[in-house]
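Here, each number is a calculation from the coordinates, and none is a lab measurement. Just so it is clear, the structure is predicted and the values come from calculations on it, not from any experiment. Reconstructed Cβ throughout: ideal geometry from the backbone, glycine too, with neighbour counts over all protein chains shown.
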Amino acid sequence: MRCYFYTFGCKVNTCETAGMQQLLRDKGFLITDDPEDADIAIINSCTVTASGDHRMLTLLRQLRKKHPSLIIVLTGCYVQAFPEEAGQIDEYDILIGNKDKARLPELIRRFLEKPSYIHEICAVSPYEKDAPFEPLPCDAFARNTRAFLKIQDGCNCFCTYCIIPYARGRCRSMPLDDLKKQVRQLTASGHREIVLCGINLAFYGNEWGGTLLDAVKAAAEEGAERVRLGSLEPERMTDALLEGLSEIPGFCPQFHLSLQSGCTGTLRAMNRRYTAEEYADLCRRVRQYFPECAITTDIMVGFPGETEEDFQESLAFAEKIRFAKMHVFRYSPRPGTPAAKMEEQIPERIKTERMQRMQMLAARMQTEHLKSLIGRKVPVLFEREKGDGFHIGHAPDGSVIKIPQKNRKKSLRKSVFYVRIEENDAVCCFGQLTEEACKSNIKE
């Protein structure tokens, strides 16, 4: 039977989708890239925002209306955070929570043997406080140059706007031995870069006194040529961690340090565990250890109680830090969180206007960062060719780099070559191949 996945949300969900795909392949199912060709649709949900829930539920209802005989599986954070609410939906056949995703093939088989209504085929187990890390296969990125590996799950922080601790449970980490095994599998499959992901990645190893540095070292020692980190919470980024990372040759100096607001008063209302000044000091220290790094971030506008002065402070702070890239979004009330009950909710028109102003700054700073690369020679891992005549890859700092295909007709995919950067536009840099290849490139 043919399965198609709809994945909402973060890189962790992307990792888990890949893991579920591999589980199904191992049991004889086929994964299709064509949703119209599917016998089974698996919706891997995100529940960070209520608007995200709405998009997911709209898709679910459209699928059921258009394809009455389609077997529909609903899983992910929405199901885990709101199992009773999810249980009232009529359009799916199988319901699976986050911690039971490994049971996907079993539950589909049960449904096929005896088609039932939704309340008979479901698995939504609550997270225990000391729940272990739930492993999923990691070798489903065969067509990708980079592989994403989930090594951490859960969050202990309880920011006032966030439902994730209820959807993902408490912090827990992949054991180092399992991490090493999965990295070996990925590198053996030809992946030259491993992106380590987590819900609160900076808390990796917290249960046993380990650190994120242990994970990066282990990945590098097991053959990963390049190791990149996913989104990071600022409060655990110590000097010892930064110094250790700076000593790992294959570490990619791209730091996505989630800010949310550059106003300390707003950060307190969000229950974030740092001040704007502490965040700025962290950025100074990151650049001290990694002079050619890229610091990227998330910024929320329109949090309840955010005044125009607060927003101006956040705007000025972002400009001071000089982010290479910012993901800017409006606050959206998430039912079930303290912030949704706060007074002084900001009107949507003001949120939109503030988002536009912050996005204008983000675009300018991204262009400035890309312009700063001109004249440099950077190692680029090439990932694909584009129809408009370019080979495309990423520099260590995460910047997108393009070179003309006319200068190199053969595919460069999965190769690392040095590129001299010559110009940029608003989203990427353009350069010329130097013919200086990474020593481990596969010989042509």
Checklist outcome for this item: Amide H neighbours of Arg384 at under 5 Å, excluding residues fewer than 5 places away on the same chain, with H built from the backbone geometry, are Ile392
Checklist entry - With r defined as the distance between the Cβ atoms of Arg376 and Lys409 and R0 fixed at 35 Å, what FRET efficiency is calculated, to the nearest 0.05? => result 0.85
Item to check | In region 2-123, lysine pairs closer than 27 Å at Cα, eight or more apart or cross-chain | outcome: 12
Item to check | Ala123 long-range amide H proximity, modeled H, under 5 Å | outcome: Leu95, Ile96, Gly97
Next on the checklist: Starting from a Cα-only point model with no solvent, please compute log10 I(q)/I(0) by Debye for region 302-444 at q = 0.12, 0.16 1/Å.
Outcome noted: -0.64, -0.83
Item to check | Estimated distance in nm for a label pair at Asp26 and Arg349, the labels positioned 7 Å out from Cα along Cα-to-Cβ | outcome: 5.6
Checklist entry - When the Kirkwood radius is taken over all Cα pairs of region 134-250, what Stokes-Einstein diffusion coefficient follows at 10 °C and 1.306 mPa s, in µm²/s? => result 109
Item to check | J(HN,Hα) series, region 256-265, from Karplus relation 6.51 cos²θ - 1.76 cosθ + 1.60, nearest Hz, glycine and proline x | outcome: 8, 9, 5, 9, 6, 7, x, 10, 4, x
Next on the checklist: Only helices at least 30 Å long along their own axis, judged from Cα atoms, and with Kyte-Doolittle mean hydropathy of 0.5 or greater: name those in the chain from DSSP H.
Outcome noted: none
Item to check | Length-normalised contact order of the chain in % [C-alpha pairs under 8 Å, at least 6 apart] | outcome: 10
Item to check | Where N is the number of residues in region 41-163, Cα Rg divided by 2.2 N^0.38 Å | outcome: 1.13
Checklist entry - Where the centroid of each part is defined by its Cα atoms, how far is region 300-351 from region 44-72 in Å? => result 28
Checklist entry - In nm, to one decimal, how far is the modelled label at Lys65 from the one at His327, with both set 7 Å along Cα→Cβ? => result 3.0
Checklist outcome for this item: Residue-normalised 222 nm signal for the chain, counting each DSSP H run of n ≥ 4 as -39,500 (n - 2.57), nearest 500 deg cm²/dmol, is -10000 deg cm²/dmol
Checklist outcome for this item: Note on region 146-371: the mean projected area of its alpha-carbon convex hull, in nm², is 12.4
Item to check | Asp177 versus Glu243: modelled label distance in nm, points set 7 Å from Cα along the beta carbon direction | outcome: 3.1
Item to check | Isotropic mean projected area of the C-alpha convex hull, the chain (nm²) | outcome: 21.7
Checklist entry - In nm, what is the difference between 0.36 nm times the number of residues separating Asp37 and Asp388 and their Cα-Cα distance? => result 123.4 nm
Next on the checklist: Give the lysines whose C-alpha is closer than 19 Å to that of Lys386, dropping any in the same chain fewer than 8 places away, or say none.
Outcome noted: Lys402, Lys406, Lys409, Lys410, Lys414
